[in-house]
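Reading through the structure tokens given below for one structure.
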Amino acid sequence: MFYLRLSVLLLPVLIFSSSEAIIFSPSVFFPMMAISSLALIYWSFWLFKKKAASHPGHWWDYAVLPVIFNVSSLFYFSLEPNWFTGQLVLLVNAFFLFNYLKNAYYLVAVAEARIDKLKNLSFFGGVLAVFFSASAAYGAKVFLGYSVWPVLAGLSVAILAAWYQIFIFASSAIRKNLSFFLIAFLILCEFAAVLFFLPFSYQLLGMIMTIVFYFVVGVGRLHLLGDIPKKQLRYYLVFSILATAILVLTARWL
């Protein structure tokens, strides 16, 4: 188990270091992204194969978010023109991967109570992954001239993966409310499609998509409780409307 525990630190460090090679040789972008994603998938498989404590979950449940977060952050990094911001994105990716892998390791292999921490990481990591994915998707259409539908398909996969990971710890509730989650997912995809035709920067469009995702996820978490408190619903609604209005009004400076 020593090597498995050591890999919690080494894997994010190696991913961060190898990502720097993209700056000097853009041709390694896709191979590096594929290798890092496969490494994260194998780590999750290895964790469940070598686990010391009994755990009812499946290894792929813990591979979805790290992979989508890593892929989306690398796509965003590849489009970011500012060197400092790009380095910050890579650091955020490495920091998130380390924290997620650490908590997954202690939950599965050591049987420590890490569910609440993983829930919070899944929520914030999923929201941030949607921002990276949406910004990269809208940026790919603007800078690379990609057609809307293939890019939208990729963005929909990212949204579905983030949506799935946030609610994975309440899988029984998802099965009972499957129609709600499918409708909410379709609404998110439709909103993402509409944003392709708005004349804003790709970062601003990514922020708006993230706010919408945050609102829908927040309402979904309240829905799982069996009743949606008006006070909390009002918070999500007011926050989302104000945040979107501020972004649109300041679009000239973003």
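Coordinate-derived values only; no laboratory data. These figures come from a predicted structure and were not determined experimentally. Every residue, glycine among them, receives a Cβ derived from its backbone with ideal geometry; neighbour counts consider all protein chains shown.
Over the residues of the chain, the helix contribution to mean residue ellipticity at 222 nm works out to -26500 deg cm²/dmol, using -39500 (n - 2.57) for each DSSP H run of at least 4. Helices assigned as whole DSSP H runs in the chain whose Cα atoms extend at least 18 Å along their own long axis and whose mean Kyte-Doolittle hydropathy is 1.6 or higher are found at 2-19, 64-79, 148-166, 178-195.
Would you work out the charge dipole size for the chain about its Cα centre, treating the Cβ of every Lys and Arg as +1 and the Cβ of every Asp and Glu as -1, and quote it to the nearest 20 debye? Mind showing how you got there, number by number?
Details: 16 positive and 7 negative charges, 125 e Å.
In total the dipole reaches around 600 debye.
Among the lysines of the chain, pairs at least eight places apart or on separate chains and with Cα atoms under 16 Å apart come to 4.
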